[in-house]
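Inspection log for the structure reproduced underneath, given as structure tokens.
The values are calculated or read from the model by the stated rules, or taken from the named source; none is laboratory data. Here the structure is a predicted model, which is why all the values come from computation and not from measurement. Here Cβ is always computed from backbone atoms with ideal geometry, including for glycine, and neighbour counts include all displayed protein chains. Side chains included, ligands, DNA and RNA excluded: accessible areas come from the protein's heavy atoms. Shrake-Rupley method; radii C 1.70, N 1.55, O 1.52, S 1.80 Å.
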Amino acid sequence: MRKVEIYTDGACSGNPGPGGWGAVLIYGSHRKEISGGEAQTTNNRMEIMAVIRGLEMLKEPCEVALFSDSRYVVDAIEKKWAVRWQQNNWMRNKKEPALNADLWEIMLALLKKHRVTFHWVKGHAGHPENERCDELARTAISAL
């Protein structure tokens, strides 16, 4: 399996409000930067979207080290919250629906295609790739 690093970030101007996402994919000496945005969204949706779009870029199953500054995203996968929500028909508990179920459904399907290890990085702490993803996400908001 090819080894790929994916760095992701999402941003929102207001929450909800205009939002953007950015991802940087690195494979050997190859690098690809992608971004996009939505006129009305939330920060968490943009964080998830960055991961989805990054994974969708992979043309074959890969071993992926995925870096995100979103505890929501990393914990939902690492602590199996998203899998549990899916098993419970997208309910967090007996009374509360899981938010962003449409995006979690897509992400969980993509995670079955690849061997992904999630890594949390502290946001706005000088990590070059995380800073670049933040810049991509904010630029995407500006372009809306």
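Some points to look at:
- Computed accessible area, TRP81, all protein chains, 1.4 angstrom probe, square angstrom: 80
- For the residues VAL24, VAL74, VAL121, a GNM of the chain with alpha-carbon springs under 10 Å puts the largest fluctuation on VAL121.
- Here's how it looks for THR41: its modeled amide H is under 5 Å from those of GLY17, GLY19, which are all 5 or more places away or on a different chain.
- Added length on full extension, which subtracts the Cα-Cα distance from 0.36 nm per residue, GLU96 to ARG2: 29.9 nm
- Carbon plus sulfur fraction of accessible area for the chain, probe 1.4 Å, in percent: 50
- Restricting the range 33-94 to trypsin sites (Lys or Arg not before Pro) that sit in a DSSP loop and have at most 16 other Cβ atoms within 10 Å of their own Cβ leaves LYS59, LYS79, LYS80, ARG92, LYS94.
- For GLY36, the residues 5 or more places off, or on other chains, whose built amide H falls under 5 Å of its own are TRP21.
- Under-5 Å amide H pairs with SER70, H placed in peptide plane, nonlocal only: VAL121
- Long-range lysine pairs (8 or more apart or interchain), the chain, Cα under 24 Å: 23
- For the range 28-133, the solvent-accessible area with a 1.4 angstrom probe is 57 square angstrom per residue.
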